Amino acid sequence: MFNSLSDRLAATFKNLKGKGRLSEADIDATAREIRRALLDADVAVPVVREFIAHIKERSLGEEVSQALNPGQQVVKIVNDELVNILGGETRRLNLAKTPPTVIMLVGLQGAGKTTLAGKLSQHLKAQGHTPMLVAADLQRPNAVKQLQVNGERAGVPVYAPHPGVSSEFEDPTGDPVQVARNGVAEAKAKYNDVVIVDTAGRLGVDAELMQQAADIRAAVQPDEVLFVIDAMIGQDAVATAQSFNEGVGFTGVVLSKLDGDARGGAALSVRSVTGKPVMFASTGENLSDFEVFHPDRMASRILDMGDVMSLIEQAERSWDRAEAEKMAQKFVDQEDFTLDDFLDQMQQIKKMGSMKKLLMMMPGAQGMRQQLEQFDDSQIDRIEAIIRSMTPHERVAPKIINGSRRARIARGSGVQVSEVNGLLERFGQAQKMMKKMAAGGGMPGMPGMPGMPGGGGGGSKKGKGKGKKAKPRSGNPAKAAQEMRELEERRNRPAAPGSAFGQGNDAGPDGFDPASLNLPKGFEKYLGGN
């Protein structure tokens, strides 16, 4: 959604890098580029004007002039102002003191109200609530049926006493106001603590739409009225939001279709124009593509700083704790990492959603957007198909997979043999790394870790270790021969009782023999030697 805006802002901030001091001309040029970027992103002109004024005021003050890195300070100012535009802080639902909490959805037809009703109900159910959906949209063809399907997918009951219309040629019948009122009564009777009322929309703002929404609001007295707006409609978002705010009144905004390729100006305009907070965002077609709107995190995404907190929360929601504990125990027991384990890990990742979306939450992802766009989420399905085409024994002992077995696996999974070879090669590398980590071997490049040069056990062949022939320190041949005889005698002497590591009797009180280190001449005096 914000790709174009992110690219423009990133290019603008590049010009500030490396400058020890920013002149007024630098700040004016930066503000001018930010203004153009926001206007190109369809942000409302009054919002842009106020935004730029705040940035220039802060950038020309002591906040930047006395900063050690003025360029980074300007980026921080832009981030702060973006957070303010988007609402400042996260706004949660206001739940009724006496259940049920009534939530009414309003907006134009096509904005995604019915789909959002299913997403919101699933989100609330995951939090421990018992929501009910009420089908009060009796005008759009098959709106009632769509809500029933969404409710079934979310595992939430739907109150739909009237079937609505099945085609655009039918005249609407039934009273949506009465349906909404009866729906709330039904929820009370069945002890549902949240009621979500789906109302009708129009292709444009009109008096009939506003009056019907106002009548439903008066009948059910909702605790929250959420205005659902299509994030792709651009400048029209401002006029539409103002009309609904004046005609019906709403308490919060939900941005739908935030995964689209539009410029995203609606997200930056609605909050400033209406004064109502953005509370939720719909980011895809699945019921799980729904998230609480966090202004600070959204600002970080726009400025390509990533959204690691949302990534962690998504992982916590979808990750199987029992499976994670099972894998951790395998590490403790130093068991082999098998292809079955690899398959389990891939399935855990699939539960988190699109890999492309997850990777785009990482800091700096905008700079790799072209590579990430080429990432194919179906690769995970192909890997799963390859592993499932193997026998149980092959998954545990992949070394037995010879040429004929690889050909059979490729045929069974519908891929080329080269893909099977590639998977086995990558798995072999992962298995080696897992074994090393489970044994406490550490990772390559970590000094002082076992198995690494300069570290404990299994050091480099070039290092000073057991089996390497000791060399004399003296340059005099006669003295060198004497030193070699003494070293040989020490090595062949039996260890003294209680001496450490089998060192000879010449070892120190703690079993340490400086001569065994082969240190430079004269260095022994620092170790208490002669």
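Ordering 38-49, 403-414 by mean Cβ neighbour count within 10 Å, with the highest value first, yields 38-49, 403-414. In order along region 120-128, phi translates into HN-Hα couplings of 5, 5, 5, 4, 6, 5, 5, 8, x Hz, rounded to whole numbers, per the Karplus curve 6.51 cos²θ - 1.76 cosθ + 1.60 with θ = phi - 60° and x for Gly and Pro.
Return the carbon/sulfur percentage of the accessible area of region 1-153, one whole number, probe 1.4 Å, all protein chains in place. Solvent-exposed carbon and sulfur of region 1-153 make up 47 percent of the total.
When the charge dipole of region 182-225 is built from unit charges on Cβ atoms (+1 for Lys and Arg, -1 for Asp and Glu) and taken about the Cα centre, the candidate among Leu203, Val220, Val184 whose Cα reaches farthest toward its positive end is Val184. Given +1 at the Cβ of Lys and Arg, -1 at the Cβ of Asp and Glu and no other charges, the dipole of region 70-185 around its Cα centre is 440 debye to the nearest 20. For region 30-111, a crude dipole built from +1 on the beta carbon of Lys and Arg and -1 on the beta carbon of Asp and Glu, taken about the Cα centre, is about 240 debye to the nearest 20.
For the residue pairs Lys19/Lys76; Lys97/Lys188; Lys350/Lys435, the C-alpha atoms sit more than 22 angstrom apart in Lys350/Lys435. With a threshold of 23 Å on the Cα-Cα distance, the over-threshold entries among Lys119/Lys276; Lys351/Lys399; Lys190/Lys276 are Lys351/Lys399; Lys190/Lys276. Using θ = phi - 60° in the Karplus curve 6.51 cos²θ - 1.76 cosθ + 1.60, the 3J(HN,Hα) couplings for region 93-98 round to 5, 8, 8, 5, 5, 10 Hz; x is entered for Gly and Pro.
Solvent-accessible area of region 181-231 (1.4 angstrom probe, protein heavy atoms only): carbon and sulfur portion equals 48 percent.
The values are calculated or read from the model by the stated rules, or taken from the named source; none is laboratory data. For clarity, every value in this text was computed on a predicted model and none was experimentally measured. No Cβ is skipped: glycine too gets one built from the backbone with ideal geometry, and neighbour counts run over all protein chains shown. Accessible surface is based on the protein model in full, side chains and every heavy atom, while ligands, DNA and RNA are left aside. Shrake-Rupley method; radii C 1.70, N 1.55, O 1.52, S 1.80 Å.
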